[in-house]
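First up is the structure itself, then whatever we jot down about it.
Nothing in this text is a laboratory measurement; each read-out follows from the coordinates by a stated rule. Computed from a predicted structure; not experimentally measured. Glycine also receives a Cβ, built like all others from the backbone with ideal geometry; neighbour counts cover every protein chain displayed.
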Amino acid sequence: MSNLEATAVTGPAGVRTEAGTALTLEPRLVPLGGIRGITVARTLPHRRRPTVGAWCFVDHFGPDPAPMVVLPHPHTGLQTVTWLFAGAVRHRDSLGSDVWVRPGQLNLMTAGPGVAHSEISQQVAGEPDEAATTLHGLQLWLALPGDMSAVTAAFEHHGDLPTVELPAIDQSGTPEMVTATVLVGTLAGVASPATVHSPLVGAQIVADGPVTTTLPVDTAFEHAVLPIGTSVRVDGEPVSEGHLHVLPTGADRIELAVAGAGTVMLLGGTPFTDDLVMWWNFIGRSHEDIAAARTDWESVASGTAAARYGTVTGHDGARIPAPDLPGVRLTPRRARPS
């Protein structure tokens, strides 16, 4: 999904954000795509925390009957993670991928130095009527560590992800089980086949009703919990639906008390310590990285855009233009432990 809000995670290099304490981030509503577009609830990036592990962007959209229409747009320095609870989205990219993603399936696109893609849920001639279904899901980004230009652009679609059953108890004390699907990384000894570039976890935990369960987690990871369709208590701390509760490193388990039937997303990873400049759809390490990425996307006449980002077929040249850079220099920001 294109970040149509042209803001940046910036600030003086080495600014301390709240990485060493637990905190809850309230979502803010961001309209995407104009009058006929959709509105997303964004919890990352946030002025209090730019990242959780390598997770740097969390958009929750829907349930919404409005179709998603995101024309070709570029990315650099990140991986996009598309995860749906309802509906379907057609992904096409400059690598030649053309895939519908549906609930329980993972789309993972690695931008590296540059890639372009589109995401559309409208009816397309010859395809099933996917637009008739309400759209509900998450768009997540992972920042690539180290030398991003050395990472090859790639796309993966995983239609059969691993699951793990975790013990739980209901309100009466009766033993139950909850199911966790591992999108990326590893949880409770179960590993996703998805390719990632730093130690991570991304998982969906589904509860059929009020239950309490304990998630075994890596002590080297910081974690975030996002309840969807319900509220939770995380280690006794109440977290409202749609809010992102962030936990520092050091814990080997997280207790979840889920208030009712719903989904809880677990995101985590080792603290991301690389300098990070995130503006529009680009991630870089400096203002110059971002400015060059923007210039290349806008240089259609010279062919630079096609050389760096390639071409997404099926849109007759339509694309999302890059917004103007702000009138200030973009500087890196990172979360530093307290």
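Nearest 10 degrees, 0 to 90: what angle lies between the long axis of helix 287-298 and the longest principal axis of the chain (Cα atoms)?
With rounding to tens, the tilt is 60 degrees.
Output the Kirkwood hydrodynamic radius of the chain, Cα pairs only, in Å rounded to one decimal.
Result for the chain, one decimal place: 20.3 Å.
Spin-label point model (7 Å from Cα, Cβ direction): what's the A22 to D316 distance in nm?
Here the answer is 5.5 nm between the modelled labels.
Choose one of P238, S198, V225: the residue whose Cα lies farthest towards the positive end of the charge dipole of segment 163-269 (beta-carbon charges +1 Lys, Arg; -1 Asp, Glu; about the Cα centre).
With unit charges placed on the Cβ atoms, the residue in question is S198.
With 10 angstrom as the radius, rank R102, R308 by how many other C-beta atoms surround their C-beta, starting from the fewest.
Numbers: R102 16, R308 21.
Starting with the residue having the fewest Cβ neighbours, the order is R102, R308.
Just to verify a number: FRET efficiency for T179 and D235, C-beta to C-beta distance, R0 = 22 Å, to 0.05?
It comes to 0.55.
Compute the distance in nm between two label points, each set 7 Å from the Cα along the Cα-to-Cβ direction, one at T331 and one at D170.
5.6
Compute the separation of the alpha-carbon centres of segment 261-338 and segment 33-87 and state it in Å as a whole number.
Segment 261-338 and segment 33-87 have Cα centres separated by 13 Å.
How much mean residue ellipticity at 222 nm does the chain get from its helices, if each DSSP H run of length 4 or more adds -39500 (n - 2.57) and you divide by all residues, to the nearest 500 deg cm²/dmol?
Here the helix-only value at 222 nm equals -1500 deg cm²/dmol.
Multiply the residue gap between V69 and D160 by 0.36 nm, knock off their C-alpha separation, and tell me the result in nm, one decimal place. Numbers along the way, then the final one.
Details: separation 91, 0.36 × 91 = 32.76 nm, distance 2.62 nm.
Going from the current span to full extension adds 30.1 nm.
Show me, bin by bin at 5 Å from 0, the whole-percent P(r) of segment 30-88 based on Cα pairs.
4, 14, 21, 27, 21, 11, 2
So if I place +1 on the C-beta of Lys and Arg and -1 on the C-beta of Asp and Glu, and nothing else carries charge, what would the dipole magnitude of segment 163-269 be about its Cα centre? I want it in debye, nearest 20.
Numbers: 2 positive and 11 negative charges, 34 e Å.
About 160 debye.
Relative to the Cα centre, what is the charge dipole magnitude of segment 279-323, using +1 at the beta carbon of each Lys and Arg, -1 at the beta carbon of each Asp and Glu, and rounding to the nearest 20 debye?
60
Using a 7 Å offset from the Cα along the Cα-to-Cβ direction at both T270 and T304, what is the distance between the two label points in nm, to one decimal?
Placing both labels 7 Å along Cα→Cβ, they lie 3.5 nm apart.
From the gyration tensor of the Cα coordinates in segment 163-269, what semi-axes in whole Å does the equivalent ellipsoid have, largest first, with each one equal to sqrt(5λ)?
In descending order, the three semi-axes are 21, 15, 12 Å.
Using a Förster distance of 51 angstrom, determine the FRET efficiency expected from the C-beta separation of D324 and A261, and round it to 0.05. All intermediate terms of the calculation are to be shown ahead of the outcome.
Working: r = 45 Å, r/R0 = 0.89.
My answer for the efficiency is 0.65.
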